[in-house]
Amino acid sequence: MLEATMKFIEIIFLVSGMMFISTGIIQYGRRTSDWFGVIRMFYRRISMSVVEYKWYRSGVACFVLGVIARVANLTFWPT
């Protein structure tokens, strides 16, 4: 039962993290109309608004929690 719950939590964190990151990126692209800046976001600092930054950071945090849940799943229930 715990194994199934951990897999569910892992999927929820990973999917929500990707959705939050995508939301922040889309908001930045719409605001600036600079879709090439979205690519630069991953290796260089760009000027994001507070709301865009919060979405982006929340997504990164959820994604990291999903990866931690995945590592825990593979540690305790290797299949």
* Asked: Restricting attention to the stretch 16-40, and to residues there that are among the aromatic types (Phe, Trp, Tyr) and buried (at least 16 other Cβ atoms within 10 Å of the Cβ), which single residue is modelled with the lowest pLDDT?
  -> Tyr28
* To do: Select from the stretch 41-57 the residues that are open to solvent by 50 Å² or more (accessible area, probe 1.4 Å), of a type outside the set (Val, Ile, Thr) and either farther than 29 Å from Ile11 by Cβ or part of a helix (DSSP H, G or I) (or both) and list them in ascending order.
  => Arg44, Arg45, Ser47, Tyr53, Lys54, Trp55, Arg57
* Asked: Does Met6 satisfy the criteria of being in a helix (DSSP H, G or I), open to solvent by 80 Å² or more (accessible area, probe 1.4 Å) and touching a residue at least 12 places away in the same chain (Cβ under 8 Å)?
  -> no
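The values are calculated or read from the model by the stated rules, or taken from the named source; none is laboratory data. Everything numeric in this text was worked out from a predicted model, so none of it was measured. Ideal geometry is used to build each Cβ from the backbone, glycine not excepted, and the neighbour counts take in all protein chains shown. Areas reflect the complete protein model, heavy atoms only, side chains present, ligands, DNA and RNA absent. Shrake-Rupley method; radii C 1.70, N 1.55, O 1.52, S 1.80 Å.
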